[in-house]
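Before any comments, here is the structure.
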Amino acid sequence: MTKYITVIGLEVHAELKTKSKAFCSCSTEFGGAPNTHICPVCLGMPGALPVLNEQVVEFAIRAGLALNCDIKYFNKFDRKNYFYPDLSKNYQISQFDKPICLNGYIDVDVDGVEKRIGITRIHMEEDAGKLVHSGGNISTSDFSAVDYNRAGVPLIEIVSEPDMRSAEEARAYLENLKAILEYTDVCDCKMQEGSLRCDANISLMPEGATEFGTRAEVKNLNSFRALVRAIEYEVERQKEILENGGRVIQETRTWDDANGKTLSMRSKEEAHDYRYFSEPDLVPVELDDAWVERIRAELPELPAQRQARLIAELGLPKYDASIIVSNKAMAEYFDEAVKTTKDAKGIANWLLGDVSAYLNNEGITISEFKVAPAHLAELVNLTKEGVLSSKLAKKVFAEMLKGDKSPKILVRELGLEQVSDEGAIMKLVEEILAENPQSVADFKAGKERAIGFLVGQIMKKSKGKANPTMVQAMLKEKMQ
């Protein structure tokens, strides 16, 4: 059978965090009643004139700099003409031949292999409205309603080079891109609300070929899971067509998440003529050094820089650092917590373990987490100092989730201080050794596992309060 190389390029639409729309003063707030955040400008009524929101340009420059792009000091808007129910004026204000950003890149790491994914361009445009389908998706609906609240909301479209060769590379690219947009605060990246959406262009070419195969475009993927599943399905679909002697047609497809497959929407065999021309109601955008350099100076520490700092300065493993910095809010929580403890690895362990498990179970984000960073750091310190065993620390953590009491107060109230008094522990050791002569004999016969049983018995007798390190050391000393 022929071996095929998968070729993937992504087009990512990110809604910008402006208060008002790109060319009018209507609200961009998500969740309003249908068709309430609209006006003659965003609906394209005759005689209504657009006025460019300056913050849209600021955010596009900020994103472009963070994504290693060349910023184009002269750029302009164009009309992209097409007919679709969610586009009330039958054209979209976008950028065509002179976008604001070109030639960027993102570095990704997949299974320890680093790769650079090129970014062709970033351009500014306005969003269209939203079709609300009566069924589960467009293919199974009897009718669709149109909500124009989203029409005119500012977007940047980030177009990658076709540099990705697997679903995991595509996922890593989108994850890194999302993190960068969050760090620069240009987009809230709420994929479930549609503020970050992705179109995937997927094709196959035989190994050794020099030309890409015919691509299919899968529209509006709004989760990492959907992206990976859609790519994996589309690769198998195209492979089956080619292996059976067929021809992949160029088309636009939609992702049916419930059934786990892509469905055909419309053919793109003929190149669509959008009849672009310069937007006559908007002058070109002309930038200068002062404007661009001011924005560059205001850029925050980006994920890659933060990861390098956590590894170099705090000694975190690369894996821990990469997971923490992938979420801006978690990275900020971590930085706040390590201000009051020297045990950065301890904070990382809690965040990636019990804290993440709690957040997942509750369906909340770290921003909604009620435990203060200083309190988590205090819990780590109490464990490191031997006041709490790891088991008792989990018990205290469970109590911390119920209110805002500090770990020290909870330890005192619950009587959970770990016993580290040598005399008290030696008494427990002598009692357990006297009660378990067979285990003592097993240990002396070379059966190391016997000591684990004895430690367990002492911990049970002390209700988990005995210092386990001291218990083990004193048991060995006594039996030897």
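The values are calculated or read from the model by the stated rules, or taken from the named source; none is laboratory data. Because the structure is a prediction, the values reported are computed rather than measured. Heads up, the Cβs are rebuilt from the backbone with ideal geometry, glycines too, and the neighbour counts pull from every protein chain shown.
Pairs are defined by a Cβ separation below 9 Å, a sequence spacing of at least 6 or placement on different chains, a first member in the range 139-166 that is on the phi > 0 side of the Ramachandran plot, and a second member that is aromatic (Phe, Trp, Tyr); the pairs so defined are 152/23.
Listed here are the residues, each with its yes/no results for (1) under 26 Å from residue 92 (Cβ atoms); (2) assigned by TED's automatic domain parsing to the domain that holds residue 127; (3) aromatic (Phe, Trp, Tyr); (4) in a loop (DSSP other than H, G, I, E, B).
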residue: 200; (1), (2), (3), (4): yes, yes, no, no
residue: 217; (1), (2), (3), (4): yes, yes, no, no
residue: 220; (1), (2), (3), (4): yes, yes, no, no
residue: 231; (1), (2), (3), (4): no, yes, no, no
residue: 249; (1), (2), (3), (4): yes, yes, no, yes
residue: 252; (1), (2), (3), (4): yes, yes, no, no
residue: 272; (1), (2), (3), (4): yes, yes, no, yes
residue: 275; (1), (2), (3), (4): yes, yes, no, yes
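Every condition in (1) in contact with a Leu (Cβ under 8 Å, 6 or more places away or on another chain); (2) modelled with pLDDT of 90 or more; (3) more than 21 Å from residue 29 (Cβ to Cβ) is met by residue 139 except one, and the failing one is (2).
Within the range 189-231, how many residues turn out to be farther than 27 Å from residue 15 by Cα and charged (D, E, K, R)? Don't jump to the end; show me each part of the working.
Start the filter on the range 189-231 by keeping residues that are farther than 27 Å from residue 15 by Cα, which leaves 203-214.
Imposing the further condition that a residue be charged (D, E, K, R) reduces the set to 207, 211.
Looking only at that region, the number is 2.
Does the range 169-191 include one or more residues that are at pLDDT below 95, closer than 22 Å to residue 137 by Cβ and out of contact with any Cys (no Cβ under 8 Å at 6 or more places or on another chain)? Explain how you work it out, then say what you get.
Going through the range 169-191, the residues at pLDDT below 95 turn out to be 188-191.
Adding the requirement that they be closer than 22 Å to residue 137 by Cβ leaves 190-191.
Applying the additional criterion that residues be out of contact with any Cys (no Cβ under 8 Å at 6 or more places or on another chain) yields 190-191.
Yes, the range 169-191 contains a residue that is at pLDDT below 95, closer than 22 Å to residue 137 by Cβ and out of contact with any Cys (no Cβ under 8 Å at 6 or more places or on another chain).
Scan the range 28-43 for residues that are surrounded by 14 or more Cβ atoms within 10 Å (Cβ to Cβ) and of a type in the set (S, T, N, Q) and jot them down. Those that are surrounded by 14 or more Cβ atoms within 10 Å (Cβ to Cβ) and of a type in the set (S, T, N, Q): 28, 35.
Is it fair to say residue 120 is under 25 Å from residue 4 (Cβ atoms), surrounded by fewer than 22 Cβ atoms within 10 Å (Cβ to Cβ) and either over 18 Å from the mean Cα position of the chain (by Cα) or modelled with pLDDT under 95 (or both)? Yes; evaluated as a whole, the condition is true for this residue. Does residue 453 satisfy the criteria of being aromatic (Phe, Trp, Tyr), surrounded by 15 or more Cβ atoms within 10 Å (Cβ to Cβ), assigned by TED's automatic domain parsing to the domain that holds residue 347 and modelled with pLDDT of 75 or more? No, not satisfied.
Taken together, 202, 241 contain a single residue that is hydrophobic (A, V, I, L, M, F, W, C) and under 22 Å from residue 163 (Cβ atoms), which is 202. All of (1) free of Cβ contacts under 8 Å to residues at least 40 places away in the same chain; (2) in the same structural domain as residue 350 (by TED's automatic domain parsing); (3) outside any loop (DSSP other than H, G, I, E, B) hold for residue 316 with one exception: (3). The set of residues in the range 316-365 being more than 15 Å from residue 401 (Cα to Cα), among the aromatic types (Phe, Trp, Tyr) and surrounded by 18 or more Cβ atoms within 10 Å (Cβ to Cβ) consists of 333, 334. For the range 70-78, check the following and say yes or no: at least one residue is modelled with pLDDT under 95 and either outside the structural domain of residue 8 (by TED's automatic domain parsing) or not acidic (Asp, Glu) (or both). The answer is no, given that none of the residues of the range 70-78 is modelled with pLDDT under 95 and either outside the structural domain of residue 8 (by TED's automatic domain parsing) or not acidic (Asp, Glu) (or both).
Does any residue of the range 44-60 turn out to be under 18 Å from residue 130 (Cα atoms), more than 31 Å from the chain's Cα centre (by Cα) and surrounded by fewer than 22 Cβ atoms within 10 Å (Cβ to Cβ)?
Step one: filter the range 44-60 for residues under 18 Å from residue 130 (Cα atoms), giving 44.
Checking the rest, the ones that are also more than 31 Å from the chain's Cα centre (by Cα) come to 44.
Subset that is surrounded by fewer than 22 Cβ atoms within 10 Å (Cβ to Cβ): 44.
Looking through the range 44-60, at least one residue is under 18 Å from residue 130 (Cα atoms), more than 31 Å from the chain's Cα centre (by Cα) and surrounded by fewer than 22 Cβ atoms within 10 Å (Cβ to Cβ).
Only one of 388, 359, 382 is closer than 21 Å to residue 413 by Cβ and either modelled with pLDDT of 95 or more or not in a helix (DSSP H, G or I) (or both). Can you tell me which?
Values: 359 fails: closer than 21 Å to residue 413 by Cβ; 382 fails: either modelled with pLDDT of 95 or more or not in a helix (DSSP H, G or I) (or both).
Going through 388, 359, 382 in turn, the sole match is 388.
All conditions but one from (1) of a type outside the set (Asp, Glu); (2) under 30 Å from residue 59 (Cα atoms); (3) under 20 Å from the mean Cα position of the chain (by Cα) apply to residue 229; the one that does not is (2). Beta carbons closer than 7 Å, at least 6 apart along the sequence or on distinct chains, pair a first residue in the range 67-78 that is under 18 Å from residue 119 (Cα atoms) with a second that is in a strand (DSSP E or B) and among the polar types (S, T, N, Q) for 69/103; 70/103. For the range 254-270, a tally of residues being free of Cβ contacts under 8 Å to residues at least 40 places away in the same chain, surrounded by fewer than 12 Cβ atoms within 10 Å (Cβ to Cβ) and in a loop (DSSP other than H, G, I, E, B) returns 2.
Go through 235, 218, 248 for me and flag whichever is more than 27 Å from residue 153 (Cα to Cα) and at pLDDT 95 or above. Break it down stepwise before answering.
On the way: 218 fails: more than 27 Å from residue 153 (Cα to Cα); 248 fails: at pLDDT 95 or above.
Selected residue: 235, the only one of 235, 218, 248 that is more than 27 Å from residue 153 (Cα to Cα) and at pLDDT 95 or above.
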